[in-house]
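The values are calculated or read from the model by the stated rules, or taken from the named source; none is laboratory data. No experiment lies behind these values; they were computed from the predicted model shown. Neighbour counts run over all protein chains shown; Cβ positions are idealised from the backbone, glycine included. The accessibility values were calculated without ligands, DNA or RNA, using every heavy atom of the protein model including side chains. Shrake-Rupley method; radii C 1.70, N 1.55, O 1.52, S 1.80 Å.
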2 protein chains.
Amino acid sequence: MILDGRELSKKINSEIKQKIEGYCEKHQDSKPGLGVIIVGDRKDSLVYVNMKRKKCEEVGIESKVIQLSANSSTENILGIVKIFNSDPTVHGILVQLPLPRHVNEETVLSAVDIDKDVDGFHASNMGNLAMERRTPLFTPCTPLGCLRLIDEYKIPLQGKNVVVIGKSNIVGLPISLMMMKRNATVTVCNVHTEGLQEITQRADIIVSACGQARMVRGDWVKEGVVVIDIGINHIQDPEHPDKPEKKKMVGDIHYEEVSEKASHITPVPGGVGPMTVAMLMENTYRAFIRQERN
Amino acid sequence: MILDGRELSKKINSEIKQKIEGYCEKHQDSKPGLGVIIVGDRKDSLVYVNMKRKKCEEVGIESKVIQLSANSSTENILGIVKIFNSDPTVHGILVQLPLPRHVNEETVLSAVDIDKDVDGFHASNMGNLAMERRTPLFTPCTPLGCLRLIDEYKIPLQGKNVVVIGKSNIVGLPISLMMMKRNATVTVCNVHTEGLQEITQRADIIVSACGQARMVRGDWVKEGVVVIDIGINHIQDPEHPDKPEKKKMVGDIHYEEVSEKASHITPVPGGVGPMTVAMLMENTYRAFIRQERN
């Protein structure tokens, strides 16, 4: 069974759109706003920012995208963060990652007003995500989207063996923390893990966010596994082996092989990707409502 | 081989003592101070606080212990935290956990000035402990003590299968995060975990912090395993089965059985316990020096 992120995200986005319309009818001067900062011109980042910008427009969120050159200093980026922090028409702030290597990412992300931290990457949001009996103001969009998909299909987590491949700050780590909080038995793997194939073979649920195209093969998984594929990799299109310019987007999972055995699987594209954008819309809407009430 | 926390902690404590003496000779008016808040009169908490108080005296840290009655309100506890926050002779603040159920633990711990958070339980310290390329100001004492012991005996972590039993905010969670950061493959188990015995059998390193006396038996582990036992449980002393008042302190690990197979093991008592106290001394000393320099 396909975990259809495209379908679920449509439903969520249209609900947010309705809520925003309803709110804005009653409060004529108010409208949710998202401030986006992108540094440099990485092609993938530009694509993502563009998708987010379009979705904002669709659901009724005003977006302000500020693009800085790749050689911008940490101070200059901080300056934009501060402008967004004090701009009452900006309710959520998104710093598109990764930042260029010379930029101090921690300094930039920590400067985002915690009430506008719709990406959930502020240290105190991450700490509250990690700790039992704590709730962060905002949860990172990609892992939140995965959980929402899992819950939509009523896949139980408590007591299940969950294997997470990758431990990045933006995906692998927060999804591991969320799975732990839901009482799954979580194994977090990384590039140094030995015997990864045997570990995935024991998993009830596999979450992959390692950026290795089609790494997880059919014989890496057991019958009935649930597979969440967060990888986005661009490979030579196998249908056009003679045209190097023809690329195909694939995940970390070898979809054709693994879908034969999986009970549930996310496709790439159309799985986690649209859920990430929908969760950003939801987080921005929530930030807006919180700030309106204060 | 026994991982001797008593011995290592002595070494660390004596180094801290020397450093404090050296500093205080040069700066006559300065002395590190620790403020401790204990709410209620749980016997175990009183024992721990007393141990910490004595160790402070031994190494040259001034301690102020404030004991509040078990029925104290969150507001009253907050009041003491604020007094310690603004007291320039208090460089570290420790709120002895657990707090009584009616107290909002999050509110209390979040109120501790992050520069004095020597227990490392502030959300932003925990978030920075979790995230790659981030460093918390302070790391929780018990997991820090475990890591220090592991490093002292030159036990490698990268690529090793580490199984953590328990996911509490104060021990299981932070040690899991620290092991992840050191590139171990970490499996975090909880009370809902199925097949725990098979999971521990595959572990290169077992860290237990679940509070179940002698739960991990000899046949739960493989030959050559490294075992860190954080459990502190009081059971009827088997040598005095007829005297219910005679108690014996044991860990989560069945020491006699598991030590037959382990390459390294921490005893209870004398393993992690004294390391926790030593790390509190070290964190308090570090807080003192940081505040002196600002």
homo-copy label distances at A:Q18 (7 angstrom along Cα-Cβ), nm, one dp, ascending, are 7.1
What's the average, rounded to a whole number, of partner chain beta-carbon atoms within 10 Å of each residue's beta-carbon in A:179-187?
6
My understanding is that a pair violates if its Cα-Cα distance is over 21 Å; which of A:K160/A:K261; A:K82/B:K82; A:K10/A:K160; A:K64/A:K167; A:K116/B:K181 do that in this structure?
A:K82/B:K82; A:K10/A:K160; A:K64/A:K167; A:K116/B:K181
Determine the relative contact order of chain B: mean sequence separation of Cα pairs under 8 Å and six or more apart, normalised by residue count, in whole percent.
21
Mind putting a number on the dipole of region B:1-113 about its Cα centre? Charges go on the C-beta only, +1 for Lys and Arg and -1 for Asp and Glu, and I need it in Debye to the nearest 20.
280
Descending packing, highest mean Cβ count within 10 Å first, for B:44-52, A:28-36 is A:28-36, B:44-52
Cross-link reach list, aspartates and glutamates versus A:K55, counting only Cα pairs under 19 Å and skipping chain neighbours closer than eight places
A:D4, A:E7, A:E15, A:E21, A:D44, A:D117, A:D119, A:E282
Roughly what angle does helix B:141-152 make with the longest principal axis of chain B, taking Cα atoms, 0 to 90 degrees, to the nearest 10?
60
Any residue on another chain or 5+ positions along whose placed amide H is under 5 Å from the amide H of A:L94 is listed here as A:G35, A:V36, A:I37
Check A:A184: other-chain or 5+ apart residues with amide H under 5 Å from its amide H, H built from backbone geometry?
A:G159
Any idea which of B:C56, B:G120, B:I20 is furthest toward the positive side of the dipole for region B:15-122, if Lys and Arg beta-carbons carry +1 and Asp and Glu beta-carbons -1?
B:C56
From the backbone phi of region B:86-91, what are the Karplus-calculated ³J(HN,Hα) couplings (6.51 cos²θ - 1.76 cosθ + 1.60, θ = phi - 60°) in whole Hz, Gly and Pro given as x?
9, 8, x, 8, 9, 9
To the nearest 10 square angstrom, how much accessible area does A:L129 have with a 1.4 angstrom probe?
10
Which whole-number percent is the relative contact order of region A:141-273 (Cα, under 8 Å, 6+ apart)?
22
In whole Hz and in residue order, list the ³J(HN,Hα) couplings for region A:248-254 that follow from phi through the Karplus curve 6.51 cos²θ - 1.76 cosθ + 1.60, θ = phi - 60°; x for Gly and Pro.
10, 8, 10, x, 7, 9, 7
Could you work out, residue by residue across B:155-165, how many beta carbons of other chains sit within 10 Å of that residue's beta carbon, and then give the average as an integer?
2
Can you classify region B:1-145 as rounded, prolate or oblate using the Cα gyration tensor, where a ≥ b ≥ c are the square roots of its eigenvalues, rounded means a/c under 1.5, and otherwise it's prolate if a/b beats b/c and oblate if not?
rounded
Could you work out what % of the accessible surface of region B:1-129 is carbon and sulfur, using a 1.4 angstrom probe and leaving DNA, RNA and ligands out of the count?
50
Reachable lysines from A:K243, criterion Cα separation under 23 angstrom, eight or more residues apart if same chain
A:K43
Net charge near B:N76: determine it from the other residues with C-beta under 15 Å of the C-beta of B:N76, scoring Lys and Arg +1 and Asp and Glu -1.
-1
Whole number in Å², please: accessible area per residue of region B:29-113, 1.4 Å probe, ligands, DNA and RNA not counted.
50
State whether chain B is rounded, prolate or oblate according to the following rule on the C-alpha gyration tensor (a ≥ b ≥ c being the square roots of its eigenvalues): a/c under 1.5 gives rounded; otherwise a/b larger than b/c gives prolate, and the remaining case gives oblate.
prolate
If packing is taken as the mean number of other Cβ atoms within 10 Å per residue, what is the order of B:176-184, A:239-247, highest first?
B:176-184, A:239-247
Summed residue charge, Cβ within 13 Å of B:P143's Cβ, Lys/Arg positive, Asp/Glu negative
+2
Dipole of region B:141-273 (Lys/Arg Cβ +1, Asp/Glu Cβ -1, origin at the Cα centre): which of B:I150, B:V227, B:Q201 lies farthest to the positive side?
B:I150
If each K or R counts +1 and each D or E counts -1, the residues other than B:E260 whose Cβ falls under 13 Å of its Cβ total -1
